[in-house]
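J.: Structure provided below as structure tokens; questions to follow.
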Amino acid sequence: MDRLLLLILAQLLTTGACDKNPDPEHKEKHKGDMLDHWTYKDQNWNESYVLCDKNSQSPINIDTGKTIFNKNLPPITLEGYNLPETEQLALSNNGHTVVLSLPDSMTISHGFTQKYLASQLHFHWGSETTPGSEHQVDDIQYAAEMHIVHFAAKYGSLNDAAQKTDGLAVLGVLFQVGEENKHYDHIFDKLEDIAEKDAAVQIPGFDINTLLPRQLYRFFRYNGSLTTPPCFQTVTWTVFNETVRISQAQLKKLEVSLKTGHGTLDSNFRHIQPLKKRTVFASFSSLTSSRRIIPKEDSGESSELNKSVDGDNFTLGDTMALIFGVLFGCTALAFVIYVIKQRKRQRSSTERGQKVIYKPAATMEA
Ligand SMILES: [Zn+2]
């Protein structure tokens, strides 16, 4: 989202939107910083960017007990994510995060009612002592978070799509500390080369799929915003349920390698924003309200945040059907037993030559 910021803020500059400090010397001194004068330390961004205070802001805390299961949310299908080594990708430090530029041949081909093209991915992290994901799940902040930014193909560019209601689709991946994840070394090993703000290097293409969790069909979906100024409320968010694991050493590289121009680039996450009247949908259902973290069996690269009781589509309707089915079965069985007993009694009475008087059972026998 930060490349977009440069473009948008360049426009704001011409309207004097950055003229917050009247001291001309100060202005001159920080001329180079004007494009990104906002910081994570002071997040009262709405003073300069009015949208940042509106009703559909991101990130949010995802309260899984309040999410609505939507069986009509199709799984995310990605195409072109396996990039050849010959494709050179720019990796840069823009002072707010590390950004890997992505070719628009990478697409979300299914998952929405329209096609989205990739633009870039970037990260949010904390410090050596604090976690730094932007989204939280059941009030848990995860170690870090990756955002893969896409724009609607019909708008032609990220810049043109950024202010359209359905303009952007961002995939969010939450990180946990665990086993080392070599796939991320394509990026993390280069961080020391872009320590300084505005530094950039080229890295060979690789399979971007390897950065993602395996279960792309389990996710949370809601309408939100850019998590950086100017906070356009044009993002359809997809936050995957499954986390990705990286090692403590890998996480530390994120936390200590980069500089902002004023100091270490760390804790670059926006605070949680109020949900207000929005609904968060889930592509899967779960009978448990608590999120359990379980290791994956075979890879150790990721883990599942929320384990469904049985299968992926175990809905409330299915549960009710099961309960009523069991109740009906018990009743039918009791009735059959009752009928058999009655017949036996009738037969023995007849054999003794007594007249049978039918009396309905007051209670069910079983
Ligand atoms: Zn982001």
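The values are calculated or read from the model by the stated rules, or taken from the named source; none is laboratory data. It should be emphasised that the depicted structure is a prediction, and the values quoted were computed from it without experimental measurement. As a convention, Cβ positions derive from the backbone with ideal geometry for all residues, glycine included, and neighbour counts pool all protein chains shown. In case anyone asks, the SASA skips ligands and DNA or RNA and just uses the protein heavy atoms, side chains included. Shrake-Rupley method; radii C 1.70, N 1.55, O 1.52, S 1.80 Å.
J.: For segment 253-266, take each phi angle, set θ = phi - 60°, evaluate the Karplus expression 6.51 cos²θ - 1.76 cosθ + 1.60, and give the result in whole Hz per residue in order, putting x for glycine and proline.
T.: Each residue's phi maps through the Karplus curve to give 4, 5, 6, 10, 7, 9, 10, 9, x, 10, x, 5, 7, 9 Hz.
J.: Still on this structure, I have one more. Which value, in Å² and to the nearest 10, is the accessible area of GLU79 when all protein chains are kept and the probe is 1.4 Å?
T.: GLU79 exposes around 90 Å² with every protein chain in place.
J.: Another question about this same structure. List residues of segment 171-188, by number, whose backbone nitrogen lies under 14 Å from a label position 7 Å along Cα→C-beta of GLN248.
T.: Counting backbone N atoms under 14 Å from the label point, the list is 177-180.
J.: Arrange the peptides 108-116, 201-209 so that the one whose residues have, on average, the most other Cβ atoms within 10 Å appears first.
T.: With the highest mean Cβ count within 10 Å placed first, the list reads 108-116, 201-209.
J.: Give the share of C-alpha pairs in each 5 angstrom bin for segment 40-312, from 0 to the last occupied bin, in whole percents, shortest bins first.
T.: Percent of Cα pairs in each bin: 1, 6, 13, 17, 20, 19, 14, 7, 2, 0, 0.
J.: Still on this structure, please answer the following. Let's see if you can work this out: charge +1 on each Lys and Arg Cβ, -1 on each Asp and Glu Cβ, no other charges. What is the dipole magnitude of segment 66-189 about its Cα centre, in debye to the nearest 20?
T.: 620 debye
J.: Sequence-distant or interchain residues sharing an amide H contact under 5 Å with GLN136, placed H: which?
T.: When sequence neighbours closer than 5 places are left aside, the close amide H contacts are ILE60, ASN61, ILE62.
J.: Which three numbers, in whole Å and largest first, are the semi-axes of the equivalent ellipsoid of segment 182-274 derived from its Cα gyration tensor as √(5λ)?
T.: Rounded to whole Å, the semi-axes are 25, 21, 13.
J.: Using amide H atoms built in the peptide plane, which far-off residues or other-chain residues are under 5 Å from GLN120 H to H?
T.: LEU102, VAL149
J.: Taking the highest mean first, how do the peptides 229-241, 122-134, 60-72, 264-276 order by number of other beta carbon atoms within 10 angstrom per residue?
T.: 229-241, 122-134, 264-276, 60-72
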